[in-house]
Ligand SMILES: Cc1cc2nc3c(=O)[nH]c(=O)nc-3n(C[C@H](O)[C@H](O)[C@H](O)COP(=O)(O)OP(=O)(O)OC[C@H]3O[C@@H](n4cnc5c(N)ncnc54)[C@H](O)[C@@H]3O)c2cc1C
């Protein structure tokens, strides 16, 4: 099928993108397009305009700040996997992302896109909930931070307001001596998982003091 007709707007900067978004409820953010474009082709949505945020440099920053690893929304999965800070302070992200699709899709698909889309079969939303990441949103009334546990409201449903853009995801670095783990079952490597699990265990003297598990599955 072919997508419905829509306009295209390339945002100059974050303020420009928010400005267009706040004036049009049917405007939709275009990040890597790896989930959005297939849904348009299947006519599952009918946006008036796609606001391309791909040229906004600040959204590609990956940095360590105040005890958090902050990943800019437009960082591609491949860039996150090859980032030294990520591999030093949260190496499990590399393991998780290596199971997300194939290299071509990982080169385009973005961290913010995956977290904002909220697919229940996706790995990153589950991981964000496990470690209770901070989701940074910018809108016409400024910036606000929502904890990942509050961010997801249901399948593909988040608390992003219609004038807001997800700008970064902040993961706490110090996991309080918790060991993080991840596994999933797929039909073929690169497919969405049929089911998967991310978890953390805190041990003291070989006794499990605390275990947290978050499942994701192909509904
Ligand atoms: C064949 C195939 C296999 C895949 N396998 C997996 C997999 O195994 N695991 C997995 O997790 N993903 C998988 N994906 C999806 C991939 O990870 C995408 O990168 C991801 O879903 C979203 O990325 P995107 O940057 O392309 O977002 P887009 O497709 O551009 O956007 C997705 C949605 O999020 C919104 N959005 C995007 N960015 C923002 C933002 N900054 N602020 C507010 N809203 C925003 C858009 O408006 C849209 O509604 C697969 C995709 C394909 C095509």
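No value in this document is a laboratory result; all are computed from the given coordinates. Note that the coordinates shown come from a computational prediction; the quantities given were computed from them, not determined experimentally. Because the Cβ atoms are built from the backbone with ideal geometry, glycine has one as well, and the counts that use them run over all protein chains shown.
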Fully extended contour minus Cα-Cα distance, from residue 219 to residue 162, at 0.36 nm per residue: 17.9 nm
Relative intensity, log₁₀ I(q)/I(0), of the chain from a Debye sum that treats every alpha carbon as a point, q = 0.10 Å⁻¹: -0.44
Shape box of the stretch 76-164 [Cα atoms, principal axes, largest first, Å]: 35, 25, 23
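For Cα pairs less than 8 Å apart in space and 6+ apart in sequence, what is the mean separation divided by the residue count of the stretch 135-219, i.e. the relative contact order in percent?
Details: 124 pairs, mean separation 16.8, N = 85.
Dividing the mean separation by the residue count of the stretch 135-219 yields 20 percent.
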Principal-axis tilt of helix 14-23 within the chain, Cα atoms, nearest 10 degrees: 60 degrees
Percent of Cα pairs exceeding the 13 Å cut-off, where the set is the stretch 142-181: 64 percent
Centre separation in Å (Cα based) which lies between the stretch 201-219 and the stretch 13-90: 30 Å
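Please give the FRET efficiency for residue 107 paired with residue 37, using the beta carbon to beta carbon distance and R0 = 22 Å, rounded to the nearest 0.05.
Numbers: r = 15 Å, r/R0 = 0.67.
Efficiency for this residue pair is about 0.90.
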Relative intensity, log₁₀ I(q)/I(0), of the stretch 20-139 from a Debye sum that treats every alpha carbon as a point, q = 0.12, 0.22 Å⁻¹: -0.45, -1.43
Modelled FRET efficiency - R0 22 Å, residue 201 with residue 58, Cβ distances, 0.05 increments: 0.05
